[in-house]
Structures are given as structure tokens and as C-alpha cells.
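Heads up, the thing below is written out as C-alpha cells.
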Amino acid sequence: MPSPIIRAQRLSKTVQSGDAPLTILDDVTFDVGDGETLAIVGASGSGKTTLLGLLAGLDDPTSGDVMLDNVALTTLDQDGRAALRQRLLVFVFQSFQLLPALTALENVMLPLELAGVPDATPRAREWLARVGLAKRTHHHPRQLSGGEQQRVAIARAFASDPKILMADEPTGNLDNATGVEIAQLMFRLNREHGTTLLLVTHDVTIASRCERRISLAAGRLVADERCEPPASCKLSASRCA
Amino acid sequence: MQTFRLALRLAARDWRAGELRVLIVAIMLAVASVGTVAFFADRVKQGLARQANLLLGADLMVSGDHPLPDVYASEAKALGLATSPAIRFNSMIAQADVKDANAVLTDVKAVTQGYPLRGSVTLVDPASGEKRAARGIPGVGEAWIDTRLADRTGAHVGSKLAVGDATLTVSEIIAQEPEIAGLTFAPGPKLLINLHDVPATHLLTPGNRATWRLLVAADKSGELDRYRTFVAAHIEPGQRVESVRDLRPEVRQTLERAERFLGLSALVAVLLAAVAVALAASRYLRRHLDAAAMFRCFGARVSQTLALFVIQFVVFGIAASAVGLVAALIGQELLAALLAGAVVTTLPSPSYMPAVAALATGIALLFGFALPPLVALANVPPLRVLRRDLPRPRASALLAYACGVATIALLVGWQAREAQAAGIMLAGVAGLLVAAGVLAWLLLALLRRVPARGVSWRFGLANLRRRALASSLQIGALALGLTALLLLTVVRGDLLRDWRASLPPDAPNQFLVNVLPDQVVDARGWLAQRLGVDPQFKPMVRGRLVELNGAPLDVSHYEDTRARRLAQREFNLSWTDTLPIGNRVVDGHFWSSSARGADAGISLEEGIAKTLGVKVGDRLTFDAGGIRISAPVTSTRKVDWDSFRVNFFALFAPGALDRLPATYIAAFRAPQGDVRWLSGLVQRYPNILSIDVAEILAQVQSIVERVARAVEFVFLFTLAGGLLVLQAAIASTQDERKFDAAIVRTLGASRAQLRGAHAAEFLLLGALAGFLGAVGATAIGWALADRVFNIPFTGNALVFVYGIVGGALAVLCAGWLGTRETVREPPLRVLRELG
């Protein structure tokens, strides 16, 4: 296994729900190797999104720690974590999360501009071309279809040349055919760039394209499976099941 | 730098999306409102300062009610100062060789060579309109008249003018003359003559309030100071020193009060703009949560995220303030035009200080009311990108209130300059807003009981009730603006009309003053014969209050400038055996009709007694031309001044003032329009002055009109503020409205029905605000009628009609503009975006 870029160590998350504490994540430990593709699967409410939030340092665990590229997140304040995210990781969301006031090009440029990258515009343009939207650069999100919006989000994610890509149900808001198309695009780019991919999904077809799959149930890690070689994983659930 | 560029790009995008429109307009309005008044006040003040010595015509002026002792002139000469004596008095002036010529009460100034020592008299060539500075003064036998006197007497260059017993020839027309009267309201026509012609006029009788002046100018200020010290040591009661430094404090004070009042009026608009900014900023917070969370998710630090938003706001704030400033420059020109002539004739260009003040207002508003939401925005948890159900961050209430209250206190304090006035102002506006809000809330509760027919009405009403707090705030803000406007338009007109109607129809319209004792019998006969009137001629003696209870009167202990002025001025004293009509004794006893002499005491008018702090039993000593009269105050009287009868502040019993030089005054009603009798009277008695009450009333009214129009203009900003709060409130509920509209439309409602519902909501909102505005204007109108004018108040139903219809229509238009988008968008898209 390649050296771990993400280490989740005994992660737990408990929230107060009414009078009783509610455990959302319970003692979850696993490593993710550099360049690995990992699917986090589980039923609704199993703690997938909470886990993703903790891994990205967007939320604080009740106990346990996360190491991102050998840096313990608990040692960092909010701004430190933000700086670490800027250096390491990007997101693709179920609801695309494009800013409606910005054009496709401006949306892709945004993280580059926040990071102070000097050639943000040509880089964003190039990435839009790579996801097949060269002619849609000046369209606003509302003028784009769902699939096109997710392509913009993927271009935005890869444009900052991240080490880690975290995707939260990236095809959840798309129809089947478009979902397949988007998944293919994401995996292709991931392969080309050797990015570590963490994917939260319901979709077994997409999960099956990952090298590894961990399953959550009621906040506990119940399975950690490997599926080799990933290239041979066709778009069918049976091969990896 | 990168953050700055990014912020600018984001700002440009927000601008395109129209996200900050309300905020920008609110800042513009606040800056325009404060700037307009500040620029105007600055110009007036600058005008005063710059023209001060030109207006005085000298560096220093000694003046007195009687001829000045020679020591003033001789000391000035000894110090090497330039001097020029002058006399100023009033007289009726008419053309000498024209039958039934129009006689005009004129401000006459008799001057000597060298006048004016500072500045110059500007002459105008009536044919070409060309202006030039005069060289010298009118020659002996010559008269220079100003354009107003030329207009009113019909005189021109070459005309003969009767000035008392003298006949002078008009040789020049004056366009402008250095004179303090240029700064006062409604200056009368002016005539400039040579001092050597004065004796021949025989006009300087005891009753004529002439002022003897000595104009002084120095090359070095040290000499002037030495002279000032000399004068201060020799000055006697009835004499004054005026210099640029202490020029007409009452003029300055009046202007400062006016400035403060207009400034506070402008501030009402600023307060409403603040509400709009707060609403707009909280809407901005809601709409940018996702963006802020994204920034944080992409690795932006809290400070960077805050900087991104703050830079945007500052850019918009400065741009909006700049536009507001341009609007203020235009606004102050309009204000100056509205008040033209009422204050000063020519105004210098505005300085940059008001611009700084107005800009500071804009920026203060922006940060006071927008910063707390922005801080909350920058602190949005980045987890929101994954969990949209997270509770929205809210601006820290403490921070928000502290910022808002501090900003408002700062702005109000700056405008009012006195803690008390600022407090009253804040409490007043807050009280009005709260009262209007509570009333609005009650009315909305009442509406709940009214069965609504039709889907649109029901939906519209439901909208108002659902947002009861916001609706009440909007109604309150609008009602405030409408109250101000209705008060100044409809109610003001009603009050003036009622007041005029309350004057008795036989109220005198002419006063004759300066009638000499030996002219009384003859003048009475003449008036009876010519006009069929037999007015009572009342004696009048001018005397100065010099002692109070045996101690010399110390003017400096009066803090009130009015009291100080009254105490310094000469009183009109009179005597009578009976209590005059329209007078009522409020304290003490009035003497019996057989009482004679000073022992019967003095009856003092209640108001002046209060101002001077004099009570029944106090002993007053008056000095009239060197003769002293001392008597106790035996009664105070309430006087009905509105009757326009002749009344006096201080009355004595017959015989008390016999040793003093008296003139007589009479009031009577002359036929309106026909003033030919006046020229006859002036020819017969050149020393008598006639004062036309109608003319004075017309002048006062024209000033009131102009000032009211200026205030109205400033209150327009208030109404705009109210409309802006409405817009901000509509904008802040826009997403909610869109979502509702989308759901209702998927359930089968037509666009027309939705528009109908919105129309119903806004019509109601506007009508309620209009109703409350009318209630407010009527209540203030009643208070003014009852307390200020002392007339019975007659309400005007039209106030309610204008208020309700005007309010409903204005809000309907504003509301339609604000919500037309919500109905247009396809429901599915709305549900997907906002769901």
C-alpha cells in the first residue's frame, strides 16, 4: 500500500439531540494511500457525510484525530486548516455549489484566485476545455444543465492541481446517463493526475470503480474491501461485490 | 493585492446581479441628504465670514441711539484711524413732483466722504444693466436709490424725491451696498444721501429711531485693538460696538439654529437609510452564506473572507457616497435657490469640509450597520458546504446593537451638537417609529377580523400578517416620511389660512408712528376727513431700563440672548388711565382711572417680565434722554398681540412721563388697495412713518413659504428613506416570496392572481402608512394650532385622502417594482434553486 496521505484515527462524533447524546460516528479508523481511490458507502444517516467533513477539517471530531499529509488537524486552528485545504484538497458536491453570480469561467477561477495563483484565467479556460465546456465559459450556472454544472465543478476541482479530491454524492442530482458520463470524466481525470479520490456515494456502480470501498452503518466502519485491478472494474456492481 | 483584485471582481459580479442595490441607494440617500444641508450651511457661513467686514463697511463700528460724543472720533483720529460718520433712520419716501405718488417706508442712510471704509457701493446703469463700483458718495442735494426703491416709487435718475422737508435729485441707482441688512430677512428699500442734507429734512425727531454711527478702519490690527479698548472704557448705555469679530451674533445664531434644524431633518432620512442598510446587509448575509462557506472550504482564511466582503462593501460604499455627494451638490443648489434672498444674496462656492462630513456619514452607516453581518458571514462554518441544514450564523446581537447605536449617536450628536437636542431627536424618531409600528400592528390585528373575499386579497393580507414585525416597521418608516410631507403641504396651508381667518375683520392694517404731539389733533381731523376713521393716538416715550431694584442693570447675567437684547434696547413706554382693550391683568392690580404719576407704578407685559425675571413689587428705573423715571411694578398683563392693536410692554399712569419727550402712535383700518391717501399724509407730515401691516404680513408669509419649501425639500429625503426601507424589506423577503409564488403557481394560481395578491398587500401597506401619516400630521397640526397659534383647530379630511391614496399608490409602485421578478420566473427553477 502506498504511504498514507489521510489517516483517520479513532474518529468519533457525538451531538446533543434533545436530552440524549446522539453518536453519529463511532471510533472509525482507516488510512488512505497517496493516489488511492476510495468509496465511502452506507445507508442514509450512516455518517458518510459527517466522516467526509471531519476528514476535510470542516468539522471537529468529538474524539480522535485526522492526519492530512502528516499534519494532525487537531493541532490547527480554523485558518490553519483552511490553509492546509488550500494546499491539498478540493471538493465536488452533490448540489454542484457553483456561485450563481459567477460565470462558468469565474467559478473555476475562484479557488485559484483565493490561492493567489497568477495565471488563473488561462488555467481555468484550459480546464473548462478539458471537461468539454470550451464554448460555455461565459455562461452562468442557471444557463447550464445539471451535467454541465457538475463538469464546471469538476474543472474547478482539478484546476488547482489538488493532491486529494473529495466528492460528496457527485452524481446524486443527475439522471443515470449523465451520472455515468460525469463519473467517467472524474475517474479519467483522477487517473491522469494521480489524485487521491475520496468518494461518498449511494451508487454502487460508481463505488465499484474505486480501488477500495469502506462501508459505514450507524456510524461504525463495518467493511473495508479492496477491488483489484480498478481498471477492470466495469460499470457493473457484480464484479466488485 | 490578490484579495483586493478578487474582491473587486466579486463586487463587479454582485453589481451585475443587483445584490447590493438597496444598500447602495441607502448610502447615496444618506450622503445626499446630509450633504445637501451641510453644503448649504457651509456656504452661508462662509458667506458670512467672508463678507463680514464688507457688510459692515468698516473694521469696527460704534453706534448709538443718540448723537455720539466727539471723543470717539477724536480718539480714532489721534490713533491714526480712518473714520466716517453716518446716520441711519427710516422715512417715508415718495417722488416730490408727482401727484399722489407712492410713498414707501425706506431705510435711509446719510453718509460722509470716505464711506464705505471697507468694500464698495455697487451702482447699476438701468439702461444697460452694467454694474460698477461707486467712487465717492452722493453729492449734497443728491440721492442714490436702490433698485427696490426705484421700482416702488417709480423714480429714476433725474427724479426728485421728497425726503422729509428736503427735495433731493436721484443721481444713481444702487445694485448692492455694504450693509448688514443684506443678511437679515426681508430688507426694506434703501436710500443713500449726503450727511449734510440731513438737517434740511427735519426728520430726526425724538420718536424716529435713528442710529448715529461712526465707521472706523485701521491699517494695523494693533491700533484697532487699542481703539476697541478705548471705546469699551467709554461706552454708555444705548451705545454699541460692532466689529467683524462680533458681527450680529443673533444672525449667526439664527443661521446656526436653522442649520441644526435642517441637519436634524436630514438625519431622519439617515436613520431610515440606516434601517435600510441593516435590512440589506442581513439579506446579503443570507444570500452569501454559501459563497462564504465555499471560500472557507477552498482554503480562504477568516480574515481573507472578511476582507473579500469588506472590500466589496467599501468599494460600493465609496462609489455610492460619491454619487450621493454629486446629488448633494445639486440638492444644495436647489436649496439655495429656494431660500434665495431670504438669507443672503450671493453665496460663495462650497468648501470640501461638508463633503468630508457627508462621506463620513455614508461610511459610518455602512460600517455601523453592515459590519456585524459581514463578520458573521466571514465566520460561517465551512461545513455548510456539506450540510446546508446547519443553522444560519447570525450577527452577534450585542455587536450589531452596539455598532448601530454608536453610529447613530455619533451622527445625531454631530448634527445636534448638544446632547439634549440629540437625545430629544433620537427619542422622538424612535418614539414615532415605535408608535407607528404599534399602531400598524394593531391595525393588522383588526384586519384579521375582516372577512377577506377573493384569493388575491386573502393571500395579500396573509403576507402582511405573516411578516407582522417587518410590515409594522415598513409602515412606521413610511408613515414618518408621509407625516413630514403632509404636515408641510396640506396642514401648513390650513394652519396659515385658519390663523389669517382668526384675525378680526376690523383689525388695523396701518400704523402711523412718529406723530409729534402738536400734530395729533390735526392728523386726527385729517384722517377723519379723508378716510372716515378716528383712531386713538397713543403716547410713546423711548426709555432704557437702567436699574432693577435700585441696582444698575447687569445685562451680562442674562444667558438668553433675547433677554439681553431686550434689556439693551430702548423700550416703548406709554401711559394710560384704563387697562387697554385686549389686555388682561395676570398678577397684581391695575391702577384706578383717577391714579396719577409714577407712584401708581408700572404695568409690565407678562412675557417680557418673565424674560427679564421681573416680578410684581420690583422697582424699575428707566432713562429717557437723561431723565430718570423710577416706579414699582404693580401689575403684569397678558396682551393679545394678534389683534394688531397698539400695545406696549410697559405702561405708566397718566402724568408719570410728562417730563419726557413723547411722540404718538395710531393704528387704524385703511381701505385696501387704494394708497393715494398716504402720499397726501406724507406731504402734510413728512416726519410721520406709515407701516403697512398687510405688506409686513405678506413679507413674513413669503419668508415662511420659502423656508417651508426648503424644509419640504429636505423632508423629501425622509419620504425617500421610508420608501427605501420598504424596498429593503421587500428585497429581504424576495426569496421567500419567490418560493411561495412558485408553490402557489404549481398549485394552479395564475400570474394575474399572484400579482393581485401582491397589489393587495402593497395597497394595504401604503394605505395604512398613509393613514398613520395623516394621523401624525393632524396631531402635530392640532398641537401647533393649540399651543403656537392659539386658534381653534379645524381638521381637514383631505389630509387623510391625500395620505391614504398617495401612500397606497406610492407603495403600490415601489412594491410592484420590487416584486415583479418573483412572479416572472418559472416555478420549477425557483424550487430547484431555493428548495
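Going by alpha carbons, how many degrees (0 to 90, nearest 10) lie between the helix axis of A:120-130 and the longest principal axis of chain A? So the inclination is approximately 90 degrees.
Ignoring lysines fewer than eight residues from B:Lys77 along the same chain, the ones with Cα atoms less than 25 angstrom from its Cα are B:Lys109, B:Lys220.
When the alpha carbon coordinates of chain A are projected onto the principal axes, the ranges are 51, 44, 39 Å, largest first.
Projecting the Cα atoms of B:Ala662, B:Gln568, B:Ile581 onto the charge dipole of the protein assembly as shown (Cβ charges, centred on the Cα centre) puts B:Ile581 farthest toward the positive pole. Considering all different alpha carbon pairs of the stretch B:70-150, the Kirkwood hydrodynamic radius works out to 15.3 Å.
Assuming a ≥ b ≥ c are the square roots of the Cα gyration tensor eigenvalues, decide whether the stretch A:1-138 counts as rounded (a/c under 1.5), prolate (otherwise, with a/b larger than b/c) or oblate. All intermediate terms of the calculation are to be shown ahead of the outcome.
Values: a/c = 2.08, a/b = 1.77, b/c = 1.17.
It is prolate, given that a/c is not under 1.5 and a/b is the larger ratio.
Rounded to a whole number of µm²/s, how large is the Stokes-Einstein D of the stretch B:756-830 at 25 °C and 0.890 mPa s, given Rh as the Kirkwood radius over C-alpha pairs? Don't skip to the answer; put the middle values down first.
Working: Rh = 14.2 Å.
In µm²/s, the coefficient is 173.
Considering every pair of different Cα atoms, what Kirkwood radius, in Å, is found for the stretch A:1-52? Mind showing how you got there, number by number?
Working: mean 1/r = 0.0800 Å⁻¹.
This gives a value of 12.5 Å.
Close amide-amide hydrogen proximity is noted between B:Val515 and B:Tyr664, each under 5 Å apart and 5 or more residues distant or on a separate chain (H modeled in the peptide plane; Pro and chain starts excluded). Dividing the C-alpha radius of gyration of the stretch B:707-746 by 2.2 N^0.38 Å, with N its residue count, gives 1.89. Here the stretch A:73-213 was treated as a single set of alpha-carbon atoms; its pair distances binned every 5 Å from 0 give 2, 10, 20, 23, 21, 13, 8, 3, 0 percent.
Based on the Cα atoms of the stretch B:711-818, what semi-axes does the equivalent ellipsoid have, where each is the square root of 5 times one gyration tensor eigenvalue, given in whole Å with the largest first? Intermediate values should be presented prior to the final figure.
Numbers: eigenvalues 267, 43, 17 Å².
The equivalent ellipsoid of the stretch B:711-818 has semi-axes of 37, 15, 9 Å.
Put in order of Cβ neighbour count within 10 Å, fewest first, the listed residues A:Thr49, A:Thr75, B:Thr167 become A:Thr75, B:Thr167, A:Thr49. Beta bridges per DSSP, both residues in the protein assembly as shown: antiparallel share near 75 percent.
Select from chain B the helices, each a whole stretch of DSSP H, whose alpha-carbon atoms run 30 Å or more along the helix axis and whose Kyte-Doolittle mean is at least 1.6; answer none if there are none. Could you put the intermediate results ahead of the total?
Details: long enough: B:21-56 (51 Å, 1.21); B:249-287 (55 Å, 0.61); B:302-338 (51 Å, 1.91); B:353-378 (34 Å, 1.97); B:419-448 (43 Å, 1.96); B:693-732 (57 Å, 1.39); B:751-783 (47 Å, 0.97); B:797-824 (40 Å, 1.25).
Long hydrophobic helices here: B:302-338, B:353-378, B:419-448.
Taking N as the residue count of the protein assembly as shown, its C-alpha radius of gyration divided by 2.2 N^0.38 Å amounts to 1.34.
Measure up B:Lys131/B:Lys160; A:Lys48/B:Lys738; B:Lys538/B:Lys610; B:Lys99/B:Lys538 against 27 Å on the Cα-Cα distance and list the ones that go over.
On the way: B:Lys131/B:Lys160 23 Å; A:Lys48/B:Lys738 33 Å; B:Lys538/B:Lys610 25 Å; B:Lys99/B:Lys538 31 Å.
Exceeds cut-off: A:Lys48/B:Lys738; B:Lys99/B:Lys538.
In terms of Cα atoms, the Rg and Dmax of the stretch B:437-581 work out to 30.8, 88 Å. Within the stretch A:85-241, DSSP assigns beta bridges of which about 40% are antiparallel (rounded to the nearest 5). Taking a ≥ b ≥ c as the square roots of the eigenvalues of the alpha carbon gyration tensor, the stretch B:718-775 is oblate, as a/c is not under 1.5 and a/b does not beat b/c.
Placing a pseudo-label 7 Å from each Cα along the Cα-to-Cβ vector at B:Thr205 and B:Thr578 gives an inter-label distance of 2.7 nm.
Based on DSSP H runs of at least 4 residues, each adding -39500 (n - 2.57), what is the mean residue ellipticity at 222 nm of the protein assembly as shown after dividing by all its residues, to the nearest 500 deg cm²/dmol? Intermediate results must be reported in sequence, preceding the final value.
Numbers: 31 runs with 524 residues, N = 1076.
Computed ellipticity for the protein assembly as shown at 222 nm equals -16500 deg cm²/dmol.
If R0 equals 35 Å, the separation of the Cβ atoms of A:Ser12 and B:Glu825 corresponds to a calculated FRET efficiency of about 0.20. The Rg/Rh ratio for chain B, using Cα coordinates for both the radius of gyration and the Kirkwood hydrodynamic radius, is 1.07.
Distance from the alpha carbon centroid of the stretch A:34-82 to that of the stretch A:95-115 works out to 23 angstrom.
Bear in mind these aren't lab numbers, they're just calculated from the coordinates by the rules spelled out. The model shown is predicted, which means the values in this text are computed figures rather than measured ones. All Cβ positions, even for glycine, are placed from backbone atoms using ideal geometry, and neighbour counts span all protein chains on display.
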